[in-house]
Amino acid sequence: MELRNLRGYLDLLVALSWVVLAAAVVAVSLHGIVRLVLLVPIVVFLPGYAVVSLSYPTAGSPTTESANGGSNAGLRARFARDNHAIGGVERIPLAIVWSLVVVPGIALGVHFSPSPIAAEPLQAGVFGVTAALLVAATVARARHPANERFVASLPRLPDRSSGFGSASSPLGTQASSTSHPGARLLLVVSLLVLASSVGYAFAASPHDERFTELSIQSGEVTNETTALYPSTLVDGQAADFEFAVGNHEGSSVEYEYVVALQHLDGSDAEPVVVDERAAERGEFELADGETRTVTADVTPETTGDDVRIVVLLYRDGAPADPSLENAYRSLRLPVDVTASDSVAASSARQAPGSDR
């Protein structure tokens, strides 16, 4: 392929390479400024540029006042078939505007698809649609002779004598020389909006937080549900409750958990633990993004409403003296422990004055 012919596809090849590189960065979960620099154009520019390149594969013929004659014949020549082209400068704001149409359209398609609304299907949709449009734009451009194809080039500043609206061939070797100031004003405004949005995205987007999620599994919640966990236990009877551990640390983590029953003295403003008994402990490993549900077995040995269940979660092993203070994550679950039916019946039989 001659160098001249290759230049006719250079912008599309660069755009397609950018999409592939951005997809690779997402696939390997690379974060930071590199990810931001690669993904911002994917959202605000490249999808629209692919649409514009597909719609306008040629550079068109230069139109001048003499050719157009300022008449209806000139207008017909200006908008004749295969002459409906735009210059490189006009493609930039059009690409931004079309990106604002394509990306929300992809999000809408994901919404009505079986896939959940999440980052992964949205990113896959944007990457796939943009790449497909770029390939289609390449095919559309290849259907025209080499001397008619749009060729992107760096913009040139207008000459002092040419005025604001008459710069020659910016971003295209065959762009019209009669661009109007309104188009350039639209370009400036669009670029300002783009720069502002990129700056806002950089300043306002939260940093990738790495954390471990520890939560109670409440099961099915109905109108009759009074608590999200078994809050009423019976003395001497085992009770099961579930909690979930989710790993969002960015790598695999080995967890160890300790479930304990604490008897509290609530006479002070801050409850004091007067008795503690470990009920269950265990350990497991979770990959990044994985969640595990743990079922713990608890058997209370005291009664009253001053009892609580604590779940202590540790990374890379629990210490010799696990507590709320040294736990990586923890749950505090107040419970009310009642006497069993047999104990209550025995107490009733032994009570003075009871009927026999």
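Summary table
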quantity: Any hit, the range 83-92, residues being surrounded by 19 or more Cβ atoms within 10 Å (Cβ to Cβ) and modelled with pLDDT of 80 or more; calculated: yes
quantity: Any chance LEU333 is assigned to a loop (DSSP other than H, G, I, E, B), surrounded by 11 or more Cβ atoms within 10 Å (Cβ to Cβ) and modelled with pLDDT of 90 or more; calculated: no
quantity: Some residue of the range 239-258 being surrounded by 14 or more Cβ atoms within 10 Å (Cβ to Cβ), aliphatic (A, V, I, L, M), in contact with a helix residue (DSSP H, G or I) (Cβ under 9 Å, 6 or more places away or on another chain) and in a strand (DSSP E or B); calculated: no
quantity: All positions within the range 108-140 that are surrounded by 14 or more Cβ atoms within 10 Å (Cβ to Cβ), farther than 21 Å from PHE150 by Cβ and not β-branched (Val, Ile, Thr); calculated: GLY109, SER115, PRO121, LEU122, GLN123, ALA124, GLY125, PHE127
quantity: Residue in the range 224-238 that is modelled with the highest pLDDT, counting only those that are of a type in the set (S, T, N, Q) and in a loop (DSSP other than H, G, I, E, B); calculated: GLN237
quantity: Which numbered condition ARG277 fails, given (1) assigned to a loop (DSSP other than H, G, I, E, B); (2) of a type in the set (D, E, K, R); (3) surrounded by 12 or more Cβ atoms within 10 Å (Cβ to Cβ); calculated: (1)
quantity: Boolean, SER55 is surrounded by 14 or more Cβ atoms within 10 Å (Cβ to Cβ), of a type in the set (Ser, Thr, Tyr), within 18 Å of ARG143 (Cα to Cα) and at pLDDT 85 or above; calculated: yes
quantity: Test: residue in the range 59-76 that is under 16 Å from VAL126 (Cα atoms), surrounded by 13 or more Cβ atoms within 10 Å (Cβ to Cβ) and either among the small types (Gly, Ala, Ser) or at pLDDT below 55 (or both); calculated: no
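The values are calculated or read from the model by the stated rules, or taken from the named source; none is laboratory data. Predicted model, so just to flag it, every value in this text is computed and none were measured. Please note: Cβ atoms are built from the backbone with ideal geometry, for glycine as well, and neighbour counts cover all protein chains shown.
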